[in-house]
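J.: I'd like to ask you about the structure that follows.
The values are calculated or read from the model by the stated rules, or taken from the named source; none is laboratory data. These numbers come from a predicted model, not from an experiment. All Cβ positions, glycine included, derive from the backbone under ideal geometry; neighbour counts span all protein chains shown.
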Amino acid sequence: MYIAITFLIAVLALLLVFWGGRVLVGGSWVLGFIRGSVGLILLGAALLIVLVAADVYSYRNLAEEHSVGTLSFRKLEDQHYEAKFADEDGVAQTFVLRGDQWQLDARLLKWKGPLARWGIQPAYRLDRVSGRYLTLQDERTLERTVHELYGSNYGVDVWESLRGISQRLPFVDAVYGSATFLPMEDGAVYEVRISHSGLVARPLNQQATTALEEWR
């Protein structure tokens, strides 16, 4: 009895293998599946390329050193400031920063190899502004503040994807450019400039100059 049942199951399994094999190797089905799969892959690749292009488009050309904006401060209380950043296009953003100093960061894409020889200039995108406390104890215990200036809005972050592997790539470096931490002071105004080596901040009024001299 069990031999007969085993035989029937084996025959059924062989029949399923036979029918499955015919379906898999059938020309029309295989070609249709391949065509559909290749089409979906190409559509997905095209969408990815569009998203990558949109993210790269958010970067600005860095042909020579120039101003990227100004940062001004209004003191709310000790180690608590309202910061207003106005970019080179005049678009302003306001943030609350806590601490004694501020820093602004930018993302840089530096082309190398053939791309650099073809004259393609580096690109940048302002990334974030943050506050920092002077003492280590305050850094460990008090509230820290970081605000994004411009982000990747399309679900693809080219710079972040390249950052970990750019040293092994022959055509691009994805690096950070950061302005040195500078003091926050009521009424102080700084100009932030960018060059191929990164960001630099300069005092624009007496309050900023005095704060910088006292800090140094």
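J.: Check ASP127, ASP157, ASP173 and return the single one that is crowded, with 17+ Cβ neighbours inside 10 Å, under 23 Å from ILE194 (Cβ atoms) and among the acidic types (Asp, Glu).
T.: Details: ASP157 fails: crowded, with 17+ Cβ neighbours inside 10 Å; ASP173 fails: crowded, with 17+ Cβ neighbours inside 10 Å.
Just a single option satisfies the conditions, and that option is ASP127.
J.: Are any residues in the range 194-216 crowded, with 17+ Cβ neighbours inside 10 Å and in contact with a Lys or Arg (Cβ under 8 Å, 6 or more places away or on another chain), and if so, which ones?
T.: LEU199, ALA201, listed by residue number.
J.: Restricting to the range 161-178, name every residue that is of a type in the set (Gly, Ala, Ser) and at pLDDT 80 or above.
T.: Looking only at the range 161-178, we keep the residues that are of a type in the set (Gly, Ala, Ser), and these are 161, 164, 166, 174, 177-178.
Scanning the range 161-178 gives SER161, ALA174, GLY177, SER178.
J.: What single numbered condition from (1) within 30 Å of SER195 (Cβ to Cβ); (2) at pLDDT below 95 fails to hold for ARG98?
T.: (2)
J.: Would you confirm, using the coordinates I've provided, whether ALA92 is over 30 Å from GLY187 (Cα atoms), of a type in the set (A, V, I, L, M, F, W, C) and modelled with pLDDT of 85 or more?
T.: Answer is no for this residue.
J.: Another question, if that's okay. If you go through the range 141-182, how many residues are free of Cβ contacts under 8 Å to residues at least 60 places away in the same chain and aliphatic (A, V, I, L, M)?
T.: Here the count works out to 4.
J.: Limited to the range 52-78, what total is found for residues that are farther than 16 Å from ASN153 by Cα, in contact (Cβ under 8 Å) with a residue 12 or more places away in the chain and not in a loop (DSSP other than H, G, I, E, B)?
T.: So the count comes out to 12.
J.: From the residues in the range 55-80 that are among the small types (Gly, Ala, Ser) and touching a Leu at 6+ places or on another chain (Cβ under 9 Å), which one is modelled with the highest pLDDT?
T.: Looking at residues that are among the small types (Gly, Ala, Ser) and touching a Leu at 6+ places or on another chain (Cβ under 9 Å), I get SER72.
J.: Restricting attention to the range 88-103, and to residues there that are in contact (Cβ under 8 Å) with a residue 60 or more places away in the chain and outside any loop (DSSP other than H, G, I, E, B), which single residue is nearest to SER161 (Cα to Cα)?
T.: GLN103
J.: Okay, moving on. Search the range 111-140 for residues that are within 30 Å of GLY99 (Cβ to Cβ) and pair each with any residue that is assigned to a helix (DSSP H, G or I) when their beta-carbon atoms are under 6 Å apart and the residues are at least 6 apart or on different chains.
T.: TYR133/GLU139
J.: Something else: Of the residues GLN79, GLN93, which is of a type in the set (S, T, N, Q) and under 21 Å from the mean Cα position of the chain (by Cα)?
T.: GLN93
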